[in-house]
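Single-structure report; data block below.
The values are calculated or read from the model by the stated rules, or taken from the named source; none is laboratory data. Nothing here was measured: the structure is a model prediction, and the numbers come from that model. Cβ placement follows ideal geometry from the backbone for every residue including glycine, while neighbour counts extend to all protein chains displayed. Quick note on the areas: whole protein, heavy atoms, side chains included, nothing else; ligands and nucleic acids left out. Shrake-Rupley method; radii C 1.70, N 1.55, O 1.52, S 1.80 Å.
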Amino acid sequence: MSETVIRTDDGTIAMINVFEVAPENQQELADVLSEGAEKFIRHRPGCVSVNILPSTDGKRLVYYAQWRTKADIKATMADPNVQVYRDKAAELAKPDPHAYTVFAVHHPEG
């Protein structure tokens with residue numbers, strides 16, 4: 001089983017999309033994004049992991065995906081199957097996607 005690991009030296013790209021969502025739409029948004037990840041995104045070349053994090057106040061949802069390269073992200077977003085889920089998500093909430101690299105990771109001692 002693989003898991004999401006955040007490191008400064010592995011060369012992965014993080015695609016983080018923060019959605020502003022009405023609380024009554026948060027669960028549906030999570031379901032749509034999870035279905036798209038399960039059916040298509042996790043099978044795409046370069047996908048490392050997909051994580052869906054609904055906020056406890058119901059007003060936001062963070063979609064955190066790790067990819068090998070920016071080209072893998074671009075190719076995935078061009079897939080018509082993925083575009084269907086991207087469009088469904090955009091109907092439910094306001095997306096704000098950006099690509100990131102990891103600058104630093106800190107853990108407590110002990």
May I ask you to list pairs of residues, at least six apart or on different chains, whose Cβ atoms are under 9 Å apart, with the first in the stretch 82-107 being under 24 Å from GLN26 (Cβ atoms) and the second being assigned to a loop (DSSP other than H, G, I, E, B)?
VAL82/PHE40; VAL82/ARG44; VAL84/PHE40; TYR85/PHE40; ARG86/PRO95; ALA89/PRO95; LEU92/ALA22; ALA93/ALA22
Condition first: charged (D, E, K, R) and either part of a helix (DSSP H, G or I) or within 14 Å of the chain's Cα centre (by Cα) (or both). Now tell me which residues in the stretch 76-93 satisfy that.
ARG86, ASP87, LYS88, GLU91
Enumeration of residues in the stretch 33-67 that are small (Gly, Ala, Ser), open to solvent by 50 Å² or more (accessible area, probe 1.4 Å) and either in contact with a helix residue (DSSP H, G or I) (Cβ under 9 Å, 6 or more places away or on another chain) or farther than 19 Å from GLU20 by Cα (or both):
none
